[in-house]
Structure formats: structure tokens, C-alpha cells
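The structure appears right after this line, and notes come after that.
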There are 2 protein chains.
Amino acid sequence: MISKNQIKLIQSLKQKKFRNEYQLFVAEGIKTITELLASHFDLHQLYVTESCNIDANNKAIISETELKKISFLKTPNKALAVFKMPEILPIDHYGLIVALDDVRDPGNLGTIIRLCDWFGIRDLVCSSETVDCYNPKVVQATMGSITRVNITYTNLEQVFSENDSQVFGAFMDGKNVYQYNLPQKGVLVLGNEANGISRSIERLVTERISIPRFGSLQATESLNVATATAILLSEFKRNSIEK
Amino acid sequence: MISKNQIKLIQSLKQKKFRNEYQLFVAEGIKTITELLASHFDLHQLYVTESCNIDANNKAIISETELKKISFLKTPNKALAVFKMPEILPIDHYGLIVALDDVRDPGNLGTIIRLCDWFGIRDLVCSSETVDCYNPKVVQATMGSITRVNITYTNLEQVFSENDSQVFGAFMDGKNVYQYNLPQKGVLVLGNEANGISRSIERLVTERISIPRFGSLQATESLNVATATAILLSEFKRNSIEK
């Protein structure tokens, strides 16, 4: 059973405004919910259909029809959970930090969070215009990685001013990243899907890097921001091994 | 104006069966259509609304309502074009070939085609179960790169048997790719999103490679196939420069 108020609460969590007000977000899909339950994230309420065997305190059995009513997915998947947003830890300026300047696509942010997890990046810092990491599509795309990366939404300029290491920015006309001796400490900034890194952030970039293109002259104009992040993080980490 | 028969033809092109029968496919969005028109691909018919200034032979002006009727997108974008499928060239076994064993997600295939274009990969070979590259979502995601990569759907085992170089396969338990001396010639195989490389193809892999994970023990289980392709192609090409 699910009450009208609960339905109303869940539906409100589609919007960032209410997620921030209640400090709650929605996760769907058995894999994602199981990973979140096993993490330090706190469950607010779990809703499952009878055929689903996930266990937790605060669990309510609901019908398929009720799940359809509350799910954000076209094809609801046996369970929906409401979690509390975790506490954000202070940024660790002694590691490699990934900074996103206005990344808008939920799929791209989800992939980047997964990559940060894979490559052991503790801190992902996002400009306030970057898509919210508790957007249901982002939570879904991270496959649980969201529990292992400390994500801070803030003014990037301020973070850079508190960090005394190099700021690497991905630009089309940057220096070939393969020729760099990349450090284990610093900031890597990636920009917006259409416009790249904004002017105000560009001024603070100390190292302009780029991924060389090998195709013909007529080749693709740019790499997607998530694939560029994959390649650049791989380069930073490869350099850290070889030192 | 658009006739009933033309509407019927376009709608049928949502399905692979009819795309193959007519050897035609649909492209939408001004950027994609412009790139395709500038390529060696042959236009069958272009449909544009009055506000759109793309020019071509075989151009018909249609109303917004007509565009809505034929578009595959939720938000149609001023133009829709039907192109002829290009001639597929014989595979060049002297370069680095990318092979996909049952990649199912259109977004992933689109990203991989873009990556092949970026890294100058001439041949992308796909198992017959791999999502069709003329699927409208794939065409959209390639941003025009589809015109610069020779994509062959065939039996992968046969391609490998005709190729006398190493076959690299991406596996979770493979050898650290950073420690490899990667050749400029060979095959790189990537597997299905959920199941990886199939048993029959695994038998033909001569080098099992993997991207090292740097995160905590509890970290993400695997990288998405498109991000893994990005990192591995970057490694192959970096090795080719450094030789």
C-alpha cells in the first residue's frame, strides 16, 4: 500500500527544487537499489512488488499498478526506493579532481561518475548549471557508482582558487595529451556539450590539453564529453603507474 | 507536400527489414543531414520546412504538421532526409579493425562509430546481432561520422580467419593494456553490454586485454562498452605515435 501523500512526495522528487528541499532522491532498478542499500547511503523508503526479493527496513509491498503510478520509467522494474542525499565531504585538494563546467546531459554525467569511480577519483566538482547528480536518469546511469564519488556543486572559480596545483582543461586546440608528463594531483576541467569550457573558467586553466585526432581532415569535429573524460582520466592514471 | 506513399515509405524505414529491402535510411537534424549531403552518400529525398535553408536536388517543402507525421523524433527538427545506403567496401586487413560482438545499444554504437572516425579506423565490423548502424538513433548519434567509417555486418569468425594478425579482446581479467606494446595492425573486439564477448569469439582472441581499475575494492564492476572502446583506441593510437 502507498498513501496519496507518499505518491505526491515521490512525484515531486522529479524536480531538483523538491529534491533539495527534502534532501531526498529516487532510485529505480534492482541493481541500482541493491548497490545503494549496500553503501553508506541511508534509505528513506523502499517500495517493491511482491515478486521482488530485495530486503530492507522501511519496506512496503505495493502492486504493479501502484508501481506504475510512482515510477519515472516507461517500464517500471519491480522496485523503487527513496534515499536520503548523503553528506558532502570537504574537497580533498591533494588528489586529482574532476571539474565539470556546465555538463547538461544526464547520460554524460552518469558515465563520468562511473569513470571517476573506476579511476579512483574521490572528488567530482560541478558548476551549479551542471545537471543534478540526483536527477533520476543520472542515478540510473551511474549503476551505483554515485555512492563512491564525493560530488560537490559549487562555484568552480572558488574551488580553483583554493587549489594550488595545475588546472588542466580539455580544448580542441590544446597540447597533445600523450606528450604530457601528467601529475597525480591537480584539476581536470571538462566543458559543456555544445560550447566547451566557458570564458570565465578558461582564464583559470593553466594547461590546455587535447586528444589528438587521427582521422581524415574531414573527420568528426569533437569527441563527446564523456568519451573525452574516459581517455583523459586513462592518461592521468597511466602516467601515475609509470612513475 | 508529401504523398501518402512517401509517408508510408518513411515510416517503414523505422524497421531494419524495410531499410535493407529498399537500401534506404532516414537522417534527421540539420547538422547530420548537412554532413551526409557533403559526403559520398547519395540523397534519395529531402523534406524541409519553410524556415530551413538546407539546399539539395530532390528537395520538397513540407509543413510543420507533415514533418511531425514523418519524424521519428519527439521534437522534429526542421528537416528529414532519406538517404541511399552506401556501397560497402572490402575490409582492409592491413590496418587496425574494430569488431563488435553483439553490441545492442544504439547510443553505444553511435559513440563507437564517432570514435572510429576520430581515431582514423577505416573498418568497423559488426556481428549480425549488433544493432543496425542505419537505425535512426545510431545515425543521429554518429553526427555524420557514419559517412567516414566502412561498416560491415558479417560473421566475425570469418573475418578473423581471413586476418593473420593478433585479435585483441577486452576482458575484465585481461592483461593491463598500459603494459602492452600495441601493434598498428590487428583486430580489437568489444562484446555485448551485459554478457561481454561470446564464447565462440573468445576462442579466437589471441590477446586478452583490460583497462586497470584504480578505485576501491567495492568499485564499479565494468566500464560501459563505448567508454572502454574510447580508452583502448586511444592506447592503440598512442602506441602508434610513440613508435
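Every read-out reported here was derived from the displayed coordinates using simple, explicitly stated rules and does not represent laboratory data. Treat the numbers as computed from the prediction; the structure is a model and nothing was measured. For neighbour counting, all protein chains shown are included, and Cβ atoms are generated from backbone atoms with ideal geometry for every residue, glycine included.
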Rg and Dmax of chain B, Cα atoms, in Å? 19.8, 61
Could you list B:200, B:210, A:39 so that the one with the fewest beta carbons within 10 Å of its beta carbon is first and the one with the most is last? B:200, A:39, B:210
Only Lys, Arg (+1) and Asp, Glu (-1) charged, at Cβ; region A:4-84 dipole about Cα centre in debye: 440 debye
For chain A, set up a Gaussian network in which alpha carbons nearer than 10 Å are linked by springs, and say which option among A:132, A:105, A:164 fluctuates the most. A:164
Descending principal axes extents, region A:4-84, alpha-carbon based, whole Å: 33, 29, 20
Unit charges on C-beta of K, R, D, E only; dipole of chain B, Debye: 560 debye
GNM top mover of B:28, B:202, B:87 - chain B, alpha-carbon springs below 10 Å: B:87
Using modelled backbone amide H atoms (1.01 Å from N, in-plane), which distant-in-sequence or interchain residues come within less than 5 Å of residue A:97's amide H? A:186, A:187, A:188
Dipole of the protein assembly as shown, Cα-centred, from +1 at each Lys and Arg C-beta and -1 at each Asp and Glu C-beta, to the nearest 20 debye? 920 debye
Axis carrying B onto A: which residue of B has the nearest Cβ, and how far, whole Å? B:230, 2
With DSSP loop assignment and no more than 13 other C-beta atoms within 10 Å, the trypsin sites (Lys or Arg not before Pro) in region B:37-122 are B:74
Inter-copy distances for residue B:175, nm, shortest first, label points 7 Å along Cα→Cβ, are 3.3
Region A:127-243, relative contact order [Cα under 8 Å, separation at least 6], %: 27 percent
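How much of the DSSP beta bridge set in region B:96-242 is antiparallel, as a percent to the nearest 5?
Counting only bridges with both partners in region B:96-242, antiparallel ones make up about 5 percent.
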At a 10 Å Cβ-Cβ cut-off, how would you order B:9, B:89, A:73, fewest neighbours first? B:89, A:73, B:9
When the helix-only estimate is applied to chain B (DSSP H runs of n ≥ 4, each -39,500 (n - 2.57), divided by the residue count), what is the mean residue ellipticity at 222 nm, nearest 500 deg cm²/dmol? -9000 deg cm²/dmol
Top positive-direction residue, dipole computed over chain A with Cβ charges, set A:151, A:187, A:36: A:36
Using the Karplus curve 6.51 cos²θ - 1.76 cosθ + 1.60 with θ = phi - 60°, what ³J(HN,Hα) values do you get for each residue of region A:55-67, in whole Hz, with x for Gly and Pro? 10, 5, 5, 6, 10, 10, 8, 10, 7, 4, 5, 5, 4
Taking K and R as +1 and D and E as -1, what net charge do the other residues with C-beta under 15 Å from the C-beta of residue A:169 add up to? -3
Most exposed first, judged by fewest Cβ atoms within 10 angstrom, A:82, B:98 run A:82, B:98
Between rounded, prolate and oblate, where does region B:26-159 land on the alpha carbon gyration tensor, with a ≥ b ≥ c its root eigenvalues, rounded for a/c under 1.5, else prolate if a/b exceeds b/c? prolate
Summed side-chain charge close to residue A:78 - residues other than residue A:78 whose Cβ falls under 10 Å, Lys, Arg +1, Asp, Glu -1: -3
